[in-house]
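Student: Here it is: the structure, laid out below.
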Amino acid sequence: MNGQLKKCHIAITSFIDSCSSHNLDSLPIVAVEMIHSLFLINHAGDIFLEKHWKSVIGRSVCDYFFEAKENAAEPEDVPPVLQTPHHYLISIYRDRLFFLSVIQTEAPPLFVIELLHRVVETFQDYFGECSETVIKDNVVTVYELLEEMLDNGFPLATESNILKEMIRPPTILRTMVNTLTGTSNFEERLPSGQLSTIPWRRSGVKYTNNEAYFDVIEEIDAIVDKSGTTLCAEIQGVIEACVKLTGMPDLTLSFMNPRLLDDVSFHPCVRFKRWEAERVLSFIPPDGNFTLMSYHVNAQNLVAIPVYVKQNISFFESGSGGRLDLTAGPKQTMGKTVEGLVITVHMPKAVLGASLTATQGSYTYDPATKVLVWDIGRLNPQKLPNLRGSLSLQAGAPKPEDNPSINIALKIQQLAISGLKVNRLDMYGEKYKPFKGVKYVTKAGKFQVRT
């Protein structure tokens, strides 16, 4: 997601959820016009699927988008909103695919962007991944989902539980039966949740084992300079829930330190007034998996940097070659182990190859993309990993002026780097005692070290 929009889109999530859980008559007047057409474009720039909710718009409207794509250095740099003489083009880039929507009149762009992300997440929930191959293999189900998620271009049913009652997720056996009988995955009856005052939860839910599990997942976005000073840092957090409870339970989730959360966005099941008054999450949960809330922590003094990278990348004045020396170590991990540590170095164009020695893990260098990847794995504080060696340059090439950039990927289990902790989970309305659990995970988002 675009860096600026990543911060802004959180605020629109509750808005779109509220729109999808009410009748169209109650939509805010701001959503006068919504998506007219949707084009799915692969990484090579080929349109492989299109959906029109009103009249058909020719593919030539995408030429403005292709021109912007040509001018962008990276796919992520394509402007998310483009204005043409007769349309607005709003797009997102996910999983090496562009989702390009066509709007005929002015509409809130973040509303449309959030809706496009919801489409991608629905595809991932149904098919396990969102790729060109998977979409083509399940094209009938894809069109059925798009038809139900938007009615005449307006958001209608974006809740996964409701969609799965109407359109059954594909399986190998079901696909074979549908092929032989000529039927589809579409249910003829209306979902029970659509008939209740709680549209996100179906009625008559029963389980033998009642359980409620929550995953607190945080991503660190940070830029660290050569001396190790943090230039900017922020945390994007989300709480994913898996709730399988019988009946109509009413849950209350409280935190030890809720005041550190900024820009919170909730699933429509959360009672917002109680959060405002008590900083407590009170809700009747959907059945199954859902995103309970997302949040943002932008106070830099609250963002702990979990690892450091000591680096020395230099090139000889003659331009004949260079040296590289990298060492990684733990910094603020609260006693937890750093796993899945990967360091990626984007080299200057003049670098042809690398002859390096790694004390831990393995490295690869792609001379075409000029990218060096050092896969360290688990970080051992007692024996810090090191990568050093020589770099070869093109013959006669001048000394590179651009400094390489270093990106870091990592994962820390059982740690929320912001310090957020769940205090307790209480259930009302039902007499049984469910199994309860909370898991914390910290990941690296856009984590860069400058050289």
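The values are calculated or read from the model by the stated rules, or taken from the named source; none is laboratory data. Predicted model only: the values in this text are computed from it and were never measured. No Cβ is skipped: glycine too gets one built from the backbone with ideal geometry, and neighbour counts run over all protein chains shown. Each accessible area value is taken on the protein alone, full model and side chains, heavy atoms only, with ligands, DNA and RNA left out. Shrake-Rupley method; radii C 1.70, N 1.55, O 1.52, S 1.80 Å.
Student: How large is the accessible surface per residue of region 350-438, computed with a 1.4 Å probe and reported in Å² as a whole number?
Tutor: Counting only protein heavy atoms, the per-residue value for region 350-438 is 58 Å².
Student: Defining a contact as two alpha carbons under 8 Å apart and six or more residues distant in sequence, what relative contact order in percent does the chain show?
Tutor: 15
Student: Return the inverse of the average 1/r over all pairs of distinct C-alpha atoms in region 263-400, which is the Kirkwood hydrodynamic radius, in Å to one decimal.
Tutor: 18.9
Student: Next question, about the same structure. If packing is taken as the mean number of other Cβ atoms within 10 Å per residue, what is the order of 442-450, 201-209, 252-260, highest first?
Tutor: The densest-packed peptide leads the list: 442-450, 252-260, 201-209.
Student: When the Kirkwood hydrodynamic radius is evaluated over all pairs of different C-alpha atoms of region 324-421, what value in angstrom, to one decimal, is obtained?
Tutor: So the Kirkwood estimate lands at 14.9 Å.
Student: Using just the Cα positions, wrap the chain in a convex hull and report its mean projected area in square nanometres, one decimal place.
Tutor: The number I arrive at for the chain is 25.8 nm².
Student: Now for a separate question. Sort 380-388, 37-45, 343-351 by packing, meaning the average of other beta carbons within 10 Å per residue, with the highest value first.
Tutor: Averaged packing, sorted descending, gives the order 343-351, 37-45, 380-388.
Student: Using alpha carbons only, how many degrees (0 to 90, rounded to 10) separate the axis of helix 139-149 from the longest principal axis of the chain?
Tutor: It is inclined by approximately 70 degrees.
Student: Is any residue of region 296-335 close enough, with backbone N under 15 Å, to a label point placed 7 angstrom from the Cα of Gln394 along the Cα-Cβ axis, and if so, which?
Tutor: Zone members listed by number: 319-321.
Student: While we're looking at this one, here's another question. What angle do you read, to the nearest 10 degrees and between 0 and 90, between the alpha-carbon axis of helix 172-181 and the longest principal axis of the chain?
Tutor: For helix 172-181, the angle is close to 50 degrees.
Student: Related question: Could you compute how fast region 381-431 diffuses translationally, taking Rh as the Kirkwood radius over C-alpha pairs and applying Stokes-Einstein at 37 °C with viscosity 0.692 mPa s? Give it in µm² per second.
Tutor: The calculation lands on 181 µm²/s.
Student: Would you please give the FRET efficiency between Asn209 and Trp53, computed as 1/(1 + (r/R0)^6) with r the Cβ-Cβ distance and R0 = 41 Å, to the nearest 0.05?
Tutor: My answer for the efficiency is 0.50.
Student: Can you classify region 207-256 as rounded, prolate or oblate using the Cα gyration tensor, where a ≥ b ≥ c are the square roots of its eigenvalues, rounded means a/c under 1.5, and otherwise it's prolate if a/b beats b/c and oblate if not?
Tutor: It comes out prolate by the Cα gyration axes.
Student: Follow-up question, since we're still on this one. Put one equal scatterer on each alpha carbon of region 76-127, apply the Debye formula with no solvent term, and list log10 I(q)/I(0) at q = 0.32 1/Å to two decimals.
Tutor: -1.30
Student: With all protein chains present and a 1.4 Å probe, how do His117, His86 order by accessible area, largest first?
Tutor: His86, His117
Student: Between Asn71 and Leu384, what FRET efficiency follows from the Cβ-Cβ distance if R0 is 41 Å, with the result rounded to 0.05?
Tutor: 0.45
Student: Kindly provide the pair-distance distribution of region 201-296 built from C-alpha pairs, with 5 Å bins from 0 and whole-percent values in order of increasing distance.
Tutor: 3, 11, 20, 20, 15, 11, 8, 5, 3, 2, 1, 0
Student: Take peptides 126-136, 237-247 and line them up by average Cβ neighbours within 10 Å, highest first, as a rough protection proxy.
Tutor: Most protected by this proxy first, the peptides run 237-247, 126-136.
Student: Which lysines have a Cα less than 29 Å from the Cα of Lys54, not counting those fewer than 8 places away in the same chain?
Tutor: Lys69, Lys136, Lys164
Student: List the lysines whose alpha-carbon lies under 26 Å from that of Lys336, not counting same-chain residues fewer than 8 positions away?
Tutor: Lys226, Lys310, Lys383, Lys411, Lys421, Lys436, Lys439, Lys443, Lys446
Student: Say R0 is 35 Å: what FRET efficiency, to the nearest 0.05, do Gln83 and Val280 get from their beta-carbon distance?
Tutor: 0.20
Student: Same structure, new question: Against the longest alpha carbon principal axis of the chain, how many degrees, from 0 to 90 and to the nearest 10, is the axis of helix 109-127 turned?
Tutor: Roughly 90 degrees between the two axes.
Student: Then there is this: Expressed as a whole percentage, what fraction of the accessible surface of region 250-384 belongs to carbon and sulfur atoms when a 1.4 Å probe is rolled over the protein heavy atoms?
Tutor: The value for region 250-384 is 49 percent carbon and sulfur by accessible area.
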